[in-house]
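Every number in this text was worked out from the coordinates using simple rules, so none of it is lab data. What you see is a predicted model, and the numbers here were worked out from it, not measured in a lab. Every residue, glycine among them, receives a Cβ derived from its backbone with ideal geometry; neighbour counts consider all protein chains shown.
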Amino acid sequence: MKKKTFAELREQRYAANEKLGDLYLKAQNRELTDDEKIQEMNLSREIRQCEDAMRALNLEADNARVTAQREAASKGVYFREILAGLRQGKGDREITLAPPTEHATQNIEASGAIYLTVNDLIPTLHEGLGLPVGLEVITGVTGDEVWPVSINDVEMEETGEVSTLNDQVLDFAKINPTVRRIGLTVPVSNMAIDNAAFDLMAFVQAKFTIALKKYFAKKIYSQANWSGNKGPFSGATPTNIELGTDAYKNILKAVADFSDKGFFEGNVCIAMDRATEAELKATPKIAGAAGGFVIENGKCAGYDYVVSHFVNTELDSVGRLVPTSDKFIEIGYWEFFALQLHGNARLTIDAISQAVAKKNITAITLNLACSMTDLSTYINGANNASQAFGLFKVVEASPTTA
């Protein structure tokens, strides 16, 4: 039997209390009957059982918090000990984020350093840095990957009873991910390493977390014409969309256009900036009618959406990411975008070279291999053109004439 959550137990206790109150109200001017006394006993027992289970859950949660705090503290101390040892030339200078062999000790699990998991590194509640609904990050990818794609269909023929059917050919293309190295270096003061009160592990994790979230968000949402890893909107040509009084209808029509390409199922997610979100929250679905607003209950026209200021960014003449003068929204089926981290992620630690020694720092470097692949570029016979994603430029509604 599935263990009930705290909220479920609280709801059960509330319902039992309600029934018990109704029972007492019903018999307020008389004694309880034998059947009512049995009902009273059963309800009282149910309430006690719920309260006992709720107390047990609270105790488990408290114990888990204490254990987590102790583990975090011990891992932080262990991490500092590793760095201090490296300054003295002890141990390897590289820490893998997963053990390459069964008895390996110089890895993330043994060292207590940050563990690169999707949930830890890429939370979805930060403005501008959250991932679209439907997009999953695949980690630990090894070897060469190929996605075969059928790029055409065959047609039924009407022919005579004994006539020969024409040969029809099914053509295929293939998509290979392009893997690129990404990384960063964080210099940490040796005084901070030696300071037991300083949570070094949390400091390093925060630096790496923010950097990786920013990298993914910029690449995924920006229409900048990136030269390396790029998202599905990079260099895309936008289609105009009006978000005035007909915003609800126009967004539904924009999503419906994907159905004409065969996208009937999947996770549609719309990306926009915060100002556009605010405007759509105040835009009625139907002008003059009490039908609700374009964005309500966490949905945009009934679809999932995410907010990021990177939607309205591009590269300037010297390669800097800058805001655009126009507003855009992006619509995508994100299961057709492969975001992958390949092989082992590694922390390399430099505590003894002349470059860091004269600054009294230890340099912690993270190296990753990442690929971003739009899997819809050959669907329906397209020639390397995205089919599952669309960029839309917000324009003023056309003036009406009497």
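Descending by average beta-carbon neighbour count within 10 Å, the peptides 208-219, 295-306 line up as 208-219, 295-306, the highest first. Each of residue 256 and residue 353 was given a label point 7 Å from its Cα along the Cα-to-Cβ line. The distance between the two points is 6.0 nm. Shown for 20, 59: other C-beta atoms within 10 Å of each C-beta, ranked fewest to most, produce the order 59, 20. May I ask you to list the lysines whose Cα is less than 27 Å away from that of residue 37, ignoring any residue fewer than eight positions away on the same chain? The qualifying lysines are 19, 26. As a rough footprinting exposure proxy, the listed residues 311, 133 were ranked by other beta carbons within 10 Å of their own, and the order from fewest upward is 133, 311. Taken along the Cα-to-beta-carbon direction at a fixed 7 Å, the label points for residue 383 and residue 23 span 7.8 nm.
Ranked for footprinting exposure by Cβ neighbours inside 10 Å, fewest first, 233, 293 give 293, 233.
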